[in-house]
1. Looking at residue 53, is it closer than 26 Å to residue 147 by Cβ, among the aliphatic types (A, V, I, L, M) and crowded, with 17+ Cβ neighbours inside 10 Å?
2. Checking the conditions here, which among 58, 98, 66, 91 is at negative phi, surrounded by fewer than 14 Cβ atoms within 10 Å (Cβ to Cβ) and within 12 Å of the chain's Cα centre (by Cα)?
3. Taking the criterion of being at pLDDT 90 or above, farther than 22 Å from residue 63 by Cβ and touching a Phe, Trp or Tyr at 6+ places or on another chain (Cβ under 7 Å), would at least one residue in the stretch 81-92 satisfy it?
4. Could you tell me whether the stretch 31-45 includes any residue that is basic (Lys, Arg) and modelled with pLDDT under 85?
5. For the stretch 120-139: of the residues being within 15 Å of the chain's Cα centre (by Cα) and of a type in the set (A, V, I, L, M, F, W, C), which is nearest to residue 74 (Cα to Cα)?
6. Among 35, 43, which is surrounded by 15 or more Cβ atoms within 10 Å (Cβ to Cβ), in contact with a Lys or Arg (Cβ under 9 Å, 6 or more places away or on another chain) and touching a residue at least 12 places away in the same chain (Cβ under 8 Å)?
7. How about the stretch 119-157: which of its residues are of a type in the set (Gly, Ala, Ser) and part of a loop (DSSP other than H, G, I, E, B)?
Amino acid sequence: MSRTLFAVIVAAVVIIAFLAMWLGWRARARRDAGVLASAIAPVGELIAEFSRVLYVSTTPVGEPLTRVAAPGLRYRGQAEIAVRRDGVTITVAGEDPTHLDSSQLRGSDSAGRRVGKAVERDGLGLLRWVSTADQRELESSFRFESKAEQQRFAEAIEAVTPSEFKLPLAHGAVNQDPNASQEGLR
């Protein structure tokens, strides 16, 4: 086999692989285009603000390795989170802000892995919420600079989560729902 033929074959394989990834991502984005947050930004009293957070991914509850390409939460990146009395705003770098009304919130939790990131046990903070369009329960995961920041995030989310959705607390203010997020990394 000549070098030219080998180079053409390798180039074709690479192009096909990238094309398949691009088509797969477009299909996922189309599938999840109906995952809606609130159209109105929360304007209530600011409870907590987090300006240096790594947004990891959004997944369905109980499916930590299935990415949801929700508008505004499609790509991993640096994020800012503002927790207000009437909801939460998540702004991932390069994307439109995502607003969640407090009625959509289902509490906070922690995990050790999500699609796109694996860390120590309980190293990711989770925000549990419900899509306004299809009522699908989702979890958005974040990596905070410190455990103290993650704990402050969990406490802020618990403060604005409607009482009918709060789970019993353990380990400080982080919810420990055995069916939700621990993926068996104990």
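The values are calculated or read from the model by the stated rules, or taken from the named source; none is laboratory data. If you're wondering where the values come from, they're calculated on a predicted model, not measured in any experiment. Virtual Cβ from ideal backbone geometry, glycine too; neighbours counted across all protein chains shown.
1. Working: closer than 26 Å to residue 147 by Cβ: yes; among the aliphatic types (A, V, I, L, M): yes; crowded, with 17+ Cβ neighbours inside 10 Å: yes.
In short, yes.
2. Working: 58 fails: surrounded by fewer than 14 Cβ atoms within 10 Å (Cβ to Cβ); 98 fails: surrounded by fewer than 14 Cβ atoms within 10 Å (Cβ to Cβ); 91 fails: surrounded by fewer than 14 Cβ atoms within 10 Å (Cβ to Cβ).
On inspection, the qualifying residue turns out to be 66.
3. Here is the first cut: in the stretch 81-92, the ones at pLDDT 90 or above are 81-92.
Subset that is farther than 22 Å from residue 63 by Cβ: 81-87, 89, 91.
Those left that are additionally touching a Phe, Trp or Tyr at 6+ places or on another chain (Cβ under 7 Å): 81.
Scanning the stretch 81-92, I find at least one residue that is at pLDDT 90 or above, farther than 22 Å from residue 63 by Cβ and touching a Phe, Trp or Tyr at 6+ places or on another chain (Cβ under 7 Å), so the answer is yes.
4. Scanning the stretch 31-45 turns up at least one residue that is basic (Lys, Arg) and modelled with pLDDT under 85.
5. 138
6. Values: 43 fails: surrounded by 15 or more Cβ atoms within 10 Å (Cβ to Cβ).
Of the residues listed, the single one that is surrounded by 15 or more Cβ atoms within 10 Å (Cβ to Cβ), in contact with a Lys or Arg (Cβ under 9 Å, 6 or more places away or on another chain) and touching a residue at least 12 places away in the same chain (Cβ under 8 Å) is 35.
7. Listed by number, the residues that qualify are 123, 131, 133, 146.
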